[in-house]
Amino acid sequence: MLFRRLDRPAEELNAFQRANALSPTWGLALTNLAYTYKRQKQFGAAEELYKQAIAQDSSLALAYYNLGVLYESTERRAEAIQMYTAAMERDESYAAPVFSLANLYADEKNRHEEALRLLRRYQQLEPEAFKGYDMMAYLYLYSDQLEAALPSAVRMYELDGGSNYSNEYLAYIYFELGRYDKALPFLEQRLQHAPEEAAHYLELAACQVQLGQNANGLATLEALLARLEVSLEKLEGLDQLAPLRSTAGYRALLDQYFPDWD
């Protein structure tokens, strides 16, 4: 393991070969040796050793899981699913195959419910693992289940300290749900992070207007037009900006940037 951490593959291989020679019936030694071969892209040798490890110890969940990873990496999807399932059956507390199987099912629209079921199980096993909530939020958003996606998105934000990545989820969900008071701080952070995106200004302005902050909404639109080239069609594309369009300030903004608008 030391040689693996030091990224010294030749010495790593020699060490596990010696361990296997000393304990040829020890499934874990075979599994470690197989993993070393896989790291060196000797997939055929790795597969054979994983199978030997399973033959020596059919309860060794790690061997099934690692063989599943090998199959997945070589695009043998059905076999990967079989190995992940076998690993889960042998160790119900082993989280890695649960997530890996969910990840495979997430690629198939007709298996999203199975993926979500596995992700709930994964979250119970690894409640601090960001990726479980990330995938669950994504799957719910894929099917436009915004309310269902929200708890996972909130947990993501808590776990990664409010990164721009998780902030994007919450900005989108709260805005689309019309929960503008909740959306506002996330939309503000999103704009600060990526001021080159016109949609970030437009949605922030729309949110401000919906909260009765017309002056702030107008200022956000002015900042957009001063910085980026935006069409009048895009500017008028959000229904949430409708209360602003009858104001003198909005008409003055159009006169300045779209002199032929009327």
#### Entry: Given (1) 85, 36, 29; (2) 199, 51, 37; (3) 53, 45, 39, the label whose value is Cα extents along the principal axes in Å derived from this model
(1)
## Note on the structure
One finds the C-alpha centres of the stretch 69-115 and the stretch 215-262 to be spaced, in Å, by 50 Å
### Task
Just grab the label-to-label distance for residue 108 and residue 75, each label 7 Å out from Cα along the Cβ direction, in nm (one decimal).
1.8 nm
### Message
Pairs of alpha-carbon atoms within less than 8 angstrom and 6+ residues apart define the contacts here; what relative contact order does the chain have, in percent?
### Response
7 percent
### Query
Mind checking the dipole of the chain: about its Cα centre, +1 per Lys or Arg Cβ, -1 per Asp or Glu Cβ, Debye to the nearest 20?
1100 debye
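Bear in mind that the values in this text are calculations on the coordinates, not laboratory data. Computed from a prediction, not measured in an experiment: that's the story for all the values here. FYI the Cβ positions are ideal-geometry reconstructions off the backbone, even for glycines, and counts take in every protein chain you see.
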